[in-house]
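Before any comments, here is the structure.
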Amino acid sequence: RAKRDGKNRWYLFDPQEDRAAAAHAERMADVRRALASEGEFRLYLQPQVRLVDGAIEGAEALLRWQHPQRGLLAPAAFLPAIEHDDTMIALGDWVLDEAMRQLQRWHDAGQSGWTLSVNIAARQLRDPAFADRLAQRLARHPQVDPSRLELEIVESSALDGIAELERLLERCRALGVAVAIDDFGTGYSSLAYLKRLPASVVKIDQSFVRDMFDDPSDLRIIEGVVALGQAFGLRVVAEGVETLHHGELLLRLGAQSAQGYGIARPMPADQWADWAAAWQPPDSWMRWRTLVHS
Ligand code: C2E
Ligand code: MG
Ligand code: MG
Ligand code: MG
């Protein structure tokens, strides 16, 4: 890439960009190595609870990479390097397979009513075989109710056109799988999404929830999303619920479910059962419920 236009072109590429490209390629190769080596990627689980009584509804699956040199990595540290590459499809396949295994474990433990939400990258949704392979996966776990799997889609996934995405998600819905619109309100076409996509859940982005006590416009946005959810018959899940006060206010505003550090941080899957057994709806929510319903 020419760094400088005009009469004298000093060089055809920027050495800094060149280094960045090399680092990028290295990261991508490292992800492929890890996928082949088993046990480095993990799905952490973060609970989603019903606001009115604190009942556990399920979890969101959040990808982590236990890297041999770099330690435990969050998605921001490695997804950007692969998000436009086929490697994203391979890693997304691993995530979906692991999610099905988790749903099977819940089924075996007598908890077949819990829902597992899985983040799906735009690159995965552009794979023409996505729905077919999803169908095969579901067929390998006949005991798992497909409606317990929820695909979280972000608005930027429709950059190639909302019609294609709509068709794909209709196919997924026909398989019985649920669709959630993630980070709702942060994109450019949120309302078109609500209108066109066969979703049953909207997730209010944590940026609105975090400051809802301090910023009146965030509060109004949440009220608006809740009203839209009601109008479209969608469950409204609030993300980034960091304190019980957030939970109480969200309940009063009419949101159905909550997810956030105030309930639990994302945890390794093998800690889930103990967490779920110990979980008790906070007293303050119960008091609030009495007020709301009296
Ligand atoms: P997301 O889907 O919006 O997930 C919520 C993010 O917020 C998670 O970050 C979660 O750990 C964090 N979070 C949850 N509660 C709170 C809270 O109370 N306060 C704050 N400050 N943060 C909270 P995480 O795990 O780092 O994931 C970041 C993003 O990476 C996700 O955002 C999602 O877009 C993407 N991602 C995660 N797992 C996957 C995956 O398996 N596949 C794909 N394609 N993307 C994934
Ligand atoms: Mg998500
Ligand atoms: Mg989100
Ligand atoms: Mg996000």
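Every number in this text was worked out from the coordinates using simple rules, so none of it is lab data. Since this is a predicted model, take the numbers as computed values, not measurements. Ideal geometry is used to build each Cβ from the backbone, glycine not excepted, and the neighbour counts take in all protein chains shown.
Each principal axis of segment 141-213 carries a Cα extent, and these read 45, 28, 16 Å when sorted largest first. Each label was represented as a point 7 Å from its Cα along the Cα-to-Cβ direction; for HIS24 and GLN111 these points are 4.1 nm apart.
Our coupling estimate for segment 215-230, obtained by passing each phi through the Karplus curve with A = 6.51, B = -1.76, C = 1.60 and θ = phi - 60°, is 10, x, 6, 5, 4, 5, 5, 4, 4, x, 5, 4, 5, 4, x, 4 Hz, Gly and Pro reported as x. Near the amide H of SER117, within less than 5 Å, lie the amide hydrogens of ALA59, GLU60, ALA61, GLU150, all on another chain or at least 5 residues away, with H placed in the peptide plane.
For ARG196 and THR290, what does the FRET efficiency come to when R0 = 51 Å and r is the distance between their Cβ atoms, rounded to the nearest 0.05? If you can, show how the numbers build up before the last one.
Values: r = 40 Å, r/R0 = 0.78.
So the FRET efficiency works out to roughly 0.80.
Just to confirm the filter: which GluC sites (Glu not before Pro) across segment 83-185 are DSSP coil and have at most 16 other Cβ within 10 angstrom of their Cβ? Each step should come with its number before you reach the end.
Details: sites: GLU83, GLU98, GLU150, GLU152, GLU155, GLU164, GLU166, GLU170; in loops: GLU83.
Answer in residue order: GLU83.
Kirkwood Rh, segment 119-164, all Cα pairs: how many Å? If you can, show how the numbers build up before the last one.
Details: mean 1/r = 0.0842 Å⁻¹.
About 11.9 Å for segment 119-164.
The residue list THR87, PRO75, LEU116 was ranked by how far each Cα lies along the charge dipole of segment 73-118 toward its positive end, using unit charges on Cβ atoms, and LEU116 comes out on top. Summing Cβ point charges (Lys, Arg +1; Asp, Glu -1) relative to the Cα centre of segment 16-151 gives a dipole of roughly 200 debye.
Extension gain, SER217 to ARG171: 0.36 nm times the residue separation minus the Cα-Cα distance gives 12.9 nm.
With +1 assigned to the C-beta of every Lys and Arg and -1 to the C-beta of every Asp and Glu, and no other charges, what is the dipole magnitude of segment 237-294 about the Cα centre in debye, to the nearest 20?
Working: 4 positive and 6 negative charges, 52 e Å.
That gives a dipole near 260 debye.
Between helix 283-293 and the chain, what is the angle of the helix's C-alpha long axis to the longest principal axis, kept within 0 to 90° and rounded to the nearest 10? Once rounded, one gets 70 degrees. Semi-axes of the equivalent ellipsoid of the chain are 34, 24, 21 Å, computed as sqrt(5λ) over the eigenvalues of the C-alpha gyration tensor in descending order.
Is the shape of segment 168-294 best called rounded, prolate or oblate, per the rule: a/c under 1.5 gives rounded, else a/b larger than b/c gives prolate, else oblate, with a ≥ b ≥ c the square roots of the Cα gyration tensor eigenvalues? Present the calculation step by step, with values, prior to reporting the outcome.
Details: a/c = 1.75, a/b = 1.22, b/c = 1.43.
It comes out oblate by the Cα gyration axes.
Across the options MET28, GLN48, LEU134, the greatest Cα extent toward the positive end of the charge dipole of segment 1-152 (unit charges at beta carbon of Lys, Arg, Asp, Glu) belongs to MET28. Computed from backbone phi with θ = phi - 60° and the Karplus coefficients 6.51, -1.76 and 1.60, the 3J(HN,Hα) list for segment 50-66 is 7, 5, 5, 9, x, 4, 6, 9, x, 8, 9, 8, 10, 6, 10, 10, 7 Hz; x is used for glycine and proline.
I need the peptides 113-119, 267-273, 194-200 ranked by packing, meaning the mean over residues of other C-beta atoms within 10 angstrom, with the highest value on top.
On the way: 113-119: 20.6, 267-273: 14.7, 194-200: 16.7.
Result, highest mean first: 113-119, 194-200, 267-273.
3J(HN,Hα) along segment 238-253, derived from phi through the Karplus expression 6.51 cos²θ - 1.76 cosθ + 1.60 where θ = phi - 60°, amounts to 8, 9, x, 7, 8, 9, 5, 4, 4, x, 4, 5, 4, 4, 5, 6 Hz, with x in place of Gly and Pro. Taking amide H as placed 1.01 Å from N in the peptide plane, VAL201 has its amide H under 5 Å from the amide H of VAL179, ILE181, ARG235, each at least 5 places away in sequence or on another chain.
Compare the peptides 33-44, 67-78 by average per-residue count of other Cβ atoms within 10 angstrom and give them in order, highest first.
Numbers: 33-44: 14.4, 67-78: 12.6.
Result, highest mean Cβ count within 10 Å first: 33-44, 67-78.
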